[in-house]
Structures are given as structure tokens and as C-alpha cells.
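Student: Just passing along the structure, written as C-alpha cells.
The values are calculated or read from the model by the stated rules, or taken from the named source; none is laboratory data. Since this is a predicted model, take the numbers as computed values, not measurements. Here Cβ is always computed from backbone atoms with ideal geometry, including for glycine, and neighbour counts include all displayed protein chains.
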């Protein structure tokens, strides 16, 4: 049977606002990288991560605020391209939209991708939820020669379109004032007559109080899983049988795949027609330099020199700038404080507890502030510039072919690179990968050999003081382990955990970094470290102090002596590093740097220690996230394999050296 599509004018839009269970919930919805998190930050007066690449948000962020005189829960959702979920982060958005019945939707449209935004808007409007439409990035579209007639667009959509520049706060005052204005509900286009009749007939079989929206009935017709869920919730008994029979009759005439194509074609035709009316191209277009830089950064020849230049810049910046900052902090602030505490506290036990070898202040608070904060500031400044320019998605394109032997696509580059910021968040970000096989492999590789920001910065600071051969050996061993394990996992897991996905990634515009956004994001990332990790540094100091005082530390060293001193040729004191790594990787890394700076390790021992520490078991928070994402069995198996691999590779490096 031929697939027919009918373009129809917008439906009448004088319907009243539909009361919902979550009347005090405002949900922000839109395409990936459309500016939803920037809107959330501005409206909720909070900060969630904003970056110029897709899937920055991987789970809903919520905050309750006072908006226009009433309490409202604002929900920032992961980006979606349709109401059919492919990845786990998209599923979480649909759970909010379909399961929580929000009182209102704030739809964040993207002026650079107006057609895709309109197609998604049509689906959201069909859910019967009052929807406010803001058009974000209109200024950026204008710089690229695209001018959008928002007056005509507002008239065609039946509601006012608010232009915003969420990144800089433009247009937000008008948007906030308009959020409480009455909004029409219902669909924006009409499908072929026979499909519209089927939708009306099926809707009429439900009780009025439990009747699904037009969008939900469409999902019932196009997806079997949605059909079962909605029917179980909304119908029972004889009514349930009649609904199932009506759906069966529709599928007898046109199978779900044909219906999907029909609906998609109708939406696309409507969006194309509307775009032709409202989008005008200017004769002047800017941004050629940005486009050329983006092209070069993903080019199979020029892209790799650019990548290695960025790695060198990061290595040089962290290795040279941060030690100078640390020296100033230590000499001007913390060493005088240590001397003051040492002079004021007379009781030996308390003095040792505060400023001794494992002192609460010296190893805990001051160590985190002096060693870690300067490294984080430099590292995050560089990382945030790369995120703001849009370099990371282009790196995904560049690395796509290189990841094929692992059964991964270039999309996996995003969680892998984000692992250099925080392994725990990178593990969560693996939700953007479509198959379970890809998620399992990415999570394992992140835990195995992706040092978090502090650990990476500390390692760079150590390697910057050593010959280049140390850098080559350490990263060669880590990268080699990743390659061998990735290829082996691809063969072992096979297709039992789902097939690999196609590499489809929409590239954001390459732009010059926003200095204010870079500084603000650096501030918040350092602040999050201070809030989360500094207490762990102090807790680790207390743990080591009591292990030493009770004699348990000596017994642990004796038990691990054959491995640490025998197989790895490291001094027993490095056992303390491995104990600290179990709590937080960066705590162990900072303590290891103290051993290196104090001259307690030879060149060979430093290299072997760095290899083992980099490959060693992930910290507690990342382990808990692994359990959440892949289950207890997989998490335990992964951690056991990682410990064995770390010791084995470290021993091989020791033997070869």
C-alpha cells in the first residue's frame, strides 16, 4: 500500500489549558546542545554544566524556585530528537514528559536547526501540554546569514515565539513574564484523513479522565512497547479489548513501520513549508575562519597534529604554570600556617594529628589546596576552552575510525575525554551510547586508564620534571593496555550485549570561546572539587594516621610486600599510595607526588608507580556509579580485572626497564 502524506494547515488553536497532575512543574525540552542548561541556569539561578557539544546533560536536573510569585519545580532534561528514545539519557527525558505530566513545557528551539526544532515541537505539542516556545541562538544564526521572521512564525504556531540568547541572558526577562500566559494545546498539523479518523476513534474508546493525548495515541500505534504501557495504565476490561482490536485493525491496513514513515513525512513536510516562509538568507555570512578551523580539527591528516599540539599545550601548562602557583601558595600562606599551629599546639599527639606526616591539615587540607587547586585551575581553563569552542565533537569525528577495532564509534570519545575531568561523571555520560555493549566497553576503559582531572594534572606535573622518556613509557603502557583490553573486550562481549551503533553526530558550530563562560565554569568545577574532595583528603589523612598509630599500616605493608617490593620493585611506602587511591584517586596521586618531590623514589620506581596508579582500581564514587549503570556483577568483575591488569602491566614495565 502506498504511503500517503497530506500537508495541512495548522489546526485551530483555541483549546483551553489542560489541567495536569504536575501543575507546578516546568520542564525544559529541546534538541541536544540547543541551550537548555543555559536557560535552566538563568531561570533557576543555579549552575549546571554548559558546553558546546551534544549530550552535556545526561540526566534531569531539578530545582524548586519562586517564579512569578509561586513555587515551581524547574526540570532541565537531556536533549532529544524525537519522542522515540534511543539512548538511556533520552529515556529519562521521556519519563519526565510522559510519566510526570508536567504543568507546562518550555521548548528551547535552536535557530541554527529550525527545521529539526519544529519537528520536535510538533511532537511535544501533540502531548497536550501547554508549551512556551523560545527560539535560542537567533543571534548566532544571524551571524551565519540566517534571519528568522519570528512574527510570521508566531502567527503560524498560534503562540508567541520569544527570541533568547541564553548564554548571555538576552531575552530572558520577556520569557519569564510570558511563562504564565495562557498557551494553546494540541497538535500543529493534520495527518492524512484516515489516520486522523483512527486517532479520533481510538481516543473515543477511553474514559474521558484517562484519555491519552493525540501524541500518546500515535506512539501506541507506532511502538508496541508504548502500546502495552499506555493500555495497562488507561484501560481495563471490555474497553481494553476494544482498544486492542481498534489498534489491530489499523495495523492490518498499515503496519507500524508504514505509519512511522507516514507521520515522519507529514511532520517534515510541515516543517519544510514553515521554514520556507520564515527563514531568509542574508547575502553576508561570517564565520569562515571558524568553519576552516572546525574542518582542520577533524581532517584525517591535519586533525592529529592539532590534537597532539593541544596535548602538548596542556602538558606544558599544567607542568610549568601550576608548580609556580603552588610554590607561591605554599610559601606565602600554608607554610606560615603550619609554623603557627606547630608553635601553638604543645600536646605531641594532637600536634602530630594536625601537622604530622599524616596530619589532618598538612596531608589533608593544605595538601589539597597547595598541590591540587593550582593544577585544577590550569587544567580546567584549557579543558573549558576546548569545550566552549566545540572541539570535542570534531575530535569524535577524527577518532571514529580509530575506535572501530574496539567496537566503538566516535561518539564514545565524549565520555572517554570527559573521564579526564571526572571518572564518575564520565561513567554517567556513557548513557549517550546507544547499545549496552558500547556502554560496557566505555565504562571499563574509563575506569581502567582515564585519570581524572586532579590525577592527570598531578601526573603531568611529575612527568614535566622528568626526561621525555618517562612520558613515553607511562603513556605508552597506559595506551597499550587500553588498546589490548579494548580489542579483547570487543571480541569477548561480542553481540550478546547488543550490536554496535552507526556513528551519527550533529556537529555544533565551531566558535571562539566565551571568556566569561570559561572562567565561570572553571570556578564552579574547582568549587565542586573543594566541596566534594577536600573532605575526602582530610578523611584519608585521619585514616592513615590511625592505621599508623595502631600498627595496622605495618601489617598491610608486610602482607603486600611480595607484590609491591618484590614484583614491582617499589618501596613499602608506596603501599600507602595504593591504600589512598582506593578512597580517591587524586588523594593517592598527590601523596605519590610528595614522595617524588622528597626524593624517595628512583626514576624507574617513579615510572612504574605512575603506570600502576593510573591503571589501578577506580575510586569509591566511580565504583558506585558503575554498579548503578551496569549492575553489581559487572562492576565487581571489572574492578577485579583492573586490579590484576594494573599490577601485571606495572610488573612488566619494571622488568623491561
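Student: Could you tell me which residue of the stretch 23-50 is modelled with the highest pLDDT, considering only residues that are out of contact with any helix residue (DSSP H, G or I) (no Cβ under 9 Å at 6 or more places or on another chain) and in a strand (DSSP E or B)?
Tutor: 24
Student: Could we say that residue 371 is modelled with pLDDT under 80 and either part of a helix (DSSP H, G or I) or surrounded by fewer than 21 Cβ atoms within 10 Å (Cβ to Cβ) (or both) here? First the steps, then the outcome.
Tutor: Values: modelled with pLDDT under 80: yes; either part of a helix (DSSP H, G or I) or surrounded by fewer than 21 Cβ atoms within 10 Å (Cβ to Cβ) (or both): yes.
Criteria met by residue 371.
Student: Taking the stated definitions as given, is residue 123 touching a residue at least 60 places away in the same chain (Cβ under 8 Å), crowded, with 17+ Cβ neighbours inside 10 Å and in contact with a helix residue (DSSP H, G or I) (Cβ under 8 Å, 6 or more places away or on another chain)?
Tutor: Working: touching a residue at least 60 places away in the same chain (Cβ under 8 Å): yes; crowded, with 17+ Cβ neighbours inside 10 Å: yes; in contact with a helix residue (DSSP H, G or I) (Cβ under 8 Å, 6 or more places away or on another chain): yes.
Yes, satisfied.
Student: Whether any residue in the stretch 176-189 is in contact with a helix residue (DSSP H, G or I) (Cβ under 6 Å, 6 or more places away or on another chain), surrounded by fewer than 19 Cβ atoms within 10 Å (Cβ to Cβ) and not assigned by TED's automatic domain parsing to the domain that holds residue 515 is what I want to check. I'd like the intermediate steps shown before the answer.
Tutor: First, the residues of the stretch 176-189 that are in contact with a helix residue (DSSP H, G or I) (Cβ under 6 Å, 6 or more places away or on another chain): 187-189.
Right, trim to surrounded by fewer than 19 Cβ atoms within 10 Å (Cβ to Cβ) and you get none.
Scanning the stretch 176-189, I find no residue that is in contact with a helix residue (DSSP H, G or I) (Cβ under 6 Å, 6 or more places away or on another chain), surrounded by fewer than 19 Cβ atoms within 10 Å (Cβ to Cβ) and not assigned by TED's automatic domain parsing to the domain that holds residue 515, so the answer is no.
Residue-wise test of (1) surrounded by fewer than 22 Cβ atoms within 10 Å (Cβ to Cβ); (2) in a loop (DSSP other than H, G, I, E, B); (3) at pLDDT below 80.
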residue: 401; (1), (2), (3): yes, yes, yes
residue: 405; (1), (2), (3): yes, no, yes
residue: 413; (1), (2), (3): no, no, yes
residue: 421; (1), (2), (3): no, yes, yes
residue: 427; (1), (2), (3): no, no, no
residue: 434; (1), (2), (3): yes, yes, yes
residue: 437; (1), (2), (3): no, no, no
residue: 441; (1), (2), (3): no, no, no
residue: 444; (1), (2), (3): no, no, no
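Student: Return the residue satisfying two criteria in turn: it lies in the stretch 135-155 and is at pLDDT 85 or above and touching a helix residue (DSSP H, G or I) at 6+ places or on another chain (Cβ under 6 Å), and of such residues it is farthest from residue 33 (Cα to Cα).
Tutor: Here the residue is 152.
Student: Now for a different question. With the requirement that a residue be surrounded by fewer than 23 Cβ atoms within 10 Å (Cβ to Cβ) and part of a helix (DSSP H, G or I), what does the stretch 97-113 give you?
Tutor: 97, 98, 99, 112, 113
Student: Also, I was wondering about something else. Which one of these does residue 339 not meet: (1) loosely packed, with under 12 Cβ neighbours inside 10 Å; (2) more than 28 Å from residue 454 (Cβ to Cβ); (3) over 36 Å from the mean Cα position of the chain (by Cα)?
Tutor: Result: residue 339 fails condition (2) only.
Student: Please determine, by comparing only the residues of the stretch 575-604 that are more than 23 Å from residue 548 (Cα to Cα) and touching a residue at least 24 places away in the same chain (Cβ under 8 Å), which one is surrounded by the fewest Cβ atoms within 10 Å (Cβ to Cβ).
Tutor: To start, the set of residues in the stretch 575-604 that are more than 23 Å from residue 548 (Cα to Cα) comprises 602-604.
Going one step further and asking which of them are touching a residue at least 24 places away in the same chain (Cβ under 8 Å), we end up with 603-604.
Values: 603: 13, 604: 15.
Only one residue tops the list, namely 603.
Student: For the stretch 605-615, indicate whether the set of residues that are in contact with a helix residue (DSSP H, G or I) (Cβ under 8 Å, 6 or more places away or on another chain) and surrounded by fewer than 18 Cβ atoms within 10 Å (Cβ to Cβ) is non-empty. Talk me through it step by step, then tell me what you get.
Tutor: Our first condition is that a residue be in contact with a helix residue (DSSP H, G or I) (Cβ under 8 Å, 6 or more places away or on another chain); within the stretch 605-615, this holds for 605-615.
Within this subset, residues satisfying the condition of being surrounded by fewer than 18 Cβ atoms within 10 Å (Cβ to Cβ) are none.
No, that holds for no residue.
Student: In addition: I need the full set of residues from the stretch 610-638 which are part of a helix (DSSP H, G or I) and farther than 11 Å from residue 427 by Cβ, in order please. Walk me through it before giving the result.
Tutor: Taking the stretch 610-638 and keeping what is part of a helix (DSSP H, G or I), we get 610-615, 620-630, 632-638.
Once the filter is applied, which keeps residues that are part of a helix (DSSP H, G or I) and farther than 11 Å from residue 427 by Cβ, the stretch 610-638 yields 610, 611, 612, 613, 614, 615, 620, 632, 633, 634, 636, 637.
Student: Return yes or no: is residue 606 closer than 15 Å to residue 568 by Cβ, in the same structural domain as residue 449 (by TED's automatic domain parsing) and within 24 Å of the chain's Cα centre (by Cα)? Full working, then the answer.
Tutor: Values: closer than 15 Å to residue 568 by Cβ: yes; in the same structural domain as residue 449 (by TED's automatic domain parsing): yes; within 24 Å of the chain's Cα centre (by Cα): no.
Judged against the criteria, residue 606 is not a match.
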